[in-house]
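Peer 1: One structure, pasted below without further comment.
The values are calculated or read from the model by the stated rules, or taken from the named source; none is laboratory data. Remember, it's a predicted structure, so these values are computed and weren't measured experimentally. Neighbour counts run over all protein chains shown; Cβ positions are idealised from the backbone, glycine included. Note: areas computed on protein heavy atoms with side chains; ligands, DNA, RNA excluded. Shrake-Rupley method; radii C 1.70, N 1.55, O 1.52, S 1.80 Å.
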Amino acid sequence: QVQLVESGGGLVQAGGSLRLSCVLSGSIFSLYVMGWYRQAPGNERELVARISNVGNTNYADSVKGRFTISRDNAKNTVYLQMNNLKPEDTAVYYCNAHFLNYYYWGQGTQVTVSS
């Protein structure tokens, strides 16, 4: 059974940084496209960043130049380094793993950016 466990969320002031981590267990991590999504109250869940199993990345326009997604296949972990955080980045951040027709989600971690 595939499980995703996120960590690293919290409260930070505008301009600060956080690093989110997500560990996958129960399957072969290197097969998966890994992504970070977020959902703010009243909004739909949106893609923040995604990294393929060979390291190709793409980002939402709103986070380009501030966020960096990376993966460590030896540790079954995907990271999201978030710099220069803004109040509009406040949301629950979810880790996602995708392989063929299989999609898995973590439980989410809260990120709150105060102005």
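Peer 1: Skip the ligands, DNA and RNA, and give the accessible area per residue of the chain with a 1.4 Å probe, whole Å².
Peer 2: Here the residues of the chain average 53 Å² of exposed surface.
Peer 1: Within the stretch 1-65, what whole-number % of the accessible surface is contributed by carbon and sulfur, with the 1.4 Å probe and all protein chains included in the calculation? Can you show the working numbers first?
Peer 2: On the way: 1650 of 3600 Å².
Summing carbon and sulfur atoms, their accessible area is 46 percent of the total for the stretch 1-65.
Peer 1: Near Val23, within a Cβ-to-Cβ distance under 12 Å, what is the net charge of the other residues, with Lys and Arg +1 and Asp and Glu -1?
Peer 2: The answer is 0.
Peer 1: Cα centroids of the stretch 39-115 and the stretch 1-31: how far apart, whole angstrom?
Peer 2: 8
Peer 1: Turning to a different aspect of this structure: Between Val92, Val33, Val54, where does the largest GNM mean-square fluctuation fall for the chain, given springs only between Cα atoms within less than 10 Å?
Peer 2: In the Gaussian network model the winner is Val54.
Peer 1: Could you check which residue among Tyr103, Tyr94, Tyr32 shows the biggest mean-square fluctuation in a GNM of the chain with a 10 Å Cα cutoff?
Peer 2: Between Tyr103, Tyr94, Tyr32, it is Tyr103 that shows the largest mean-square fluctuation.
Peer 1: With the calculation restricted to Cα positions, what are the radius of gyration and Dmax of the chain in angstrom?
Peer 2: Computed over the Cα atoms of the chain, radius of gyration and Dmax are 13.3, 41 Å.
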